[in-house]
Amino acid sequence: MAPIGKALAHARMARDLTQTELARRAGISRQALGAIESGAYHPGVAIAIRLARELGTSVEALFGEPDGEASSLVEASWFDDARRRAAPPQTRVALARVHGKVVAVARPAAHLTLAPAAGVVQRARRHRVDVCTFRLPGEIDSTLLMSGCDPAVTLLVDWLARRGSPVHAVAIPCSSRKALRALVDGRAHVAGVHLRDQKSGEYNLAPIRRALGNRRSMVVNFARWELGLATAPGNPLAIRGFADLARPGLRIVNREDGSGARSALDQALGELGIEPERLAGYQFEAGGHLEVAAAIAAGLADAGVTIRLGADAYGLHFVPHRDERYDLVFMEDEAGSMPIKAMLDALKSRRFAHEIAQLCGYDTAQMGQVIGA
C-alpha cells in the first residue's frame, strides 16, 4: 500500500469504518476509495476535503507526497496496435521487454488454462495414489497448497514466481467449509475462509474454532471484499436485492453448500421469509465466484451471489450486499515451514497489498495481520 493510501486507511480503521461506510459518507464509490487507499488514484481537492471532514482530520494529514513505494508509469508499445484498436482504460496487461522496448499485452481477467502438473497418477486405491512425478523431493517440499474460493490466489502464485521464490503455490478451489476440512485432514497447508457467524455477526473465528476444535492454528487476514448480486450488464431486470430473486421466471445460479456465498444467500432468504425452493435455479451450483459470473455472462442465469471482482471480470452489473473479511488459517506448527513463511512474507509486503488492492478492488489495509490464534 502506498503511503498516501496508508494514512487514509489507518485513519478510517481508527474510527472503525469500512470502506463502504466511508465511501457512502464522502459521496464516492467504494471502488474509488479502494483505489485511493491503494495509491492507484490521487483524489481531487473536493473529494480530499470531504474525506478529511468525515474522518475528523486535515487534508494534509491524509494526503502527503508519495514516495518510492507508489507504482511507476511505463510507456509501452501496445500489442494490438497492428489492429488499430486502442486499449480501454483499466485493461489488465502483461509487460515484457522485446528487442529493447517494453510491450504491453492485454490479459483477460479470467480464463481457462491448462494447469501445470507435477506428475500423473499411475494407480489409485481409496484415498491413496501412486504418482509418476517429474518433481524432485525439494520441489515437492516447497509447494504450498492453498484451499479456498478467492480468485486472487493466482496473483500470489505470480508474485512468488516473480520474486524468484523457491516456493510454488497451488490453488485448490473449494468452499470455505471444504477448505477447513482439507486443513483438518492434512490435505492443504492453508484454508481461505469467509463465513459469517449468524449469532455474533463476526467473521471466520467461530467457524474455524468449530472445525478445528482444540487444534492450534493461526488466522491472518488476506483482505476485505464486497459480496453481492451479479446481474446481466445494465441490470435489465432491475434487480435491487435478494427479495427480487423470488420473481416468477427469474433464474439464479447458486454456490455449493458450505460456501460463504451460499450462506449469505440462505441467511438473506431466511430473513425475508422466502423458501429457497421458490427460487428457480437454486439447485444450479457453480464451483466458485468467477464461475457464478461466467454463468450469468453466458445467459445461463439472471443473477447470482458473488464478489465484486467476479462481476467486474465479466463486465456484469453488481448490487452490493455487505463487506466481508477473507482470512487465511493454517496450523501453528506449520508457521516455520518454507511454504507458510513465503506466504506470510508476501502478505507483509506493502507492494503485494497494493497490487491486490489495485487489480482486485479489495481492501487490503489489514493484509498479513494476525486475526486470531
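Read-outs: derived from the displayed coordinates by stated rules, not from any lab. If you're wondering where the values come from, they're calculated on a predicted model, not measured in any experiment. Here the Cβ is made from the backbone with ideal geometry for all residues, glycine too, and neighbour counts use every protein chain on show.
What the Cα atoms of segment 132-253 give is an Rg and a Dmax of 18.8, 57 Å.
Placing a label point 7 Å from the Cα of residue 333 along the Cα-to-Cβ direction, the residues of segment 217-233 whose backbone N falls under 12 Å from that point are 217. Given in Å, the Rg to one decimal and the Dmax to the nearest whole number for the Cα atoms of segment 3-62 are 9.8, 24.
Rg then Dmax, both in Å and based on the Cα atoms of segment 237-373: 17.7, 55.
On the basis of the beta-carbon distance and an R0 of 25 Å, residue 285 and residue 243 show a calculated FRET efficiency of 0.70. At an R0 of 35 angstrom, the distance between the Cβ atoms of residue 185 and residue 96 translates into a FRET efficiency of 0.30.
Between rounded, prolate and oblate, where does segment 170-240 land on the alpha carbon gyration tensor, with a ≥ b ≥ c its root eigenvalues, rounded for a/c under 1.5, else prolate if a/b exceeds b/c? Note, shape of segment 170-240 comes out prolate. Put simply, the amide H of residue 167, placed in the peptide plane, has no neighbours under 5 Å, leaving out anything fewer than 5 places away on its chain. In this rough spin-label picture, where each label sits 7 Å from Cα along the Cβ direction, the residue 121-residue 214 distance is 3.5 nm. Note on the chain: percent of Cα-Cα distances in each 20 Å bin, starting at 0 and stopping at the bin with the largest distance, equals 26, 58, 16, 0. Computed from the Cβ-Cβ distance with R0 of 35 Å, the FRET efficiency linking residue 77 to residue 359 stands at 0.95.
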